[in-house]
């Protein structure tokens, strides 16, 4: 019988320990009630084996229950375990990092406000040409005014007029140019391609300076004894007083086919400054072609 008592107490102790570990709170009332109930249960078992011992154990259990009831009307609860503080520590480390940006901006704001804006650099515009074709001038040349005209002979001519117009509010470039002329048929094929076309008035010049708002005349056609001609001024080598020199030499070219257009290019030594295509209507062998329009670029 004593062996059974010890086994019963061990089982009750293990049961109470397991129950206390699994619960969040342990109260003295629950402990006393548990022990009293276990003694009563043991008393019943013992009473079956022997009445006197069972009554004794049962009485002890009843006494413990009564005492426990009066002593533990208010239960004492153990405080719950504190929750882990991992997240709280992480937030405390992270918050200062988030506060860096406002502190940085506030510190720089006065400096940015007090800094004067950088002045915009003033870029000087390069002067440029403003050359345009304005008209085709028709006239007659003679020994007093003309180019390559024998004495006493008047020759009809057609000259393209160019002008370097002033640009308001800007500096005008004043170039010195020579001219190239390409004469074409109605199908676009080239009749004649010549450089150093003559500028008039005067004996004819290879170059001309396009001064502001000053018309310059480029000789495109002349009509002599029914022949349509164009004129160039070419530098030729010659000897004057025993020294070799370059002098302008006048050259004429006969245009044997009807002219539909003339492309004129004004050139410096380095670049093309202007280009225009003049359209013409051929009036026959005894008349100068008439300008019908132009396209410039």
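Residues in segment 257-285 that are free of Cβ contacts under 8 Å to residues at least 24 places away in the same chain and not in a strand (DSSP E or B): 269, 270, 271, 283, 284.
Scan segment 170-203 residue by residue and report those that are part of a loop (DSSP other than H, G, I, E, B) and within 16 Å of residue 266 (Cα to Cα). Break it down into steps so the answer makes sense when it comes.
To start, the set of residues in segment 170-203 that are part of a loop (DSSP other than H, G, I, E, B) comprises 170-171, 173-175, 185-189, 196, 198, 201-203.
Those that are part of a loop (DSSP other than H, G, I, E, B) and within 16 Å of residue 266 (Cα to Cα): 173, 174, 175, 196, 198.
Among residues of segment 198-228 being touching a residue at least 60 places away in the same chain (Cβ under 8 Å) and surrounded by 17 or more Cβ atoms within 10 Å (Cβ to Cβ), the one that is nearest to residue 257 (Cα to Cα) is 228. With respect to residue 167, is the statement that it is assigned by TED's automatic domain parsing to the domain that holds residue 289, under 18 Å from residue 270 (Cα atoms) and assigned to a loop (DSSP other than H, G, I, E, B) true? No.
The values are calculated or read from the model by the stated rules, or taken from the named source; none is laboratory data. Keep in mind that what you see is a predicted model, and the values were worked out from it rather than measured. Using ideal geometry, Cβ is built from the backbone for each residue, glycine included, and neighbour counts are taken over all protein chains shown.
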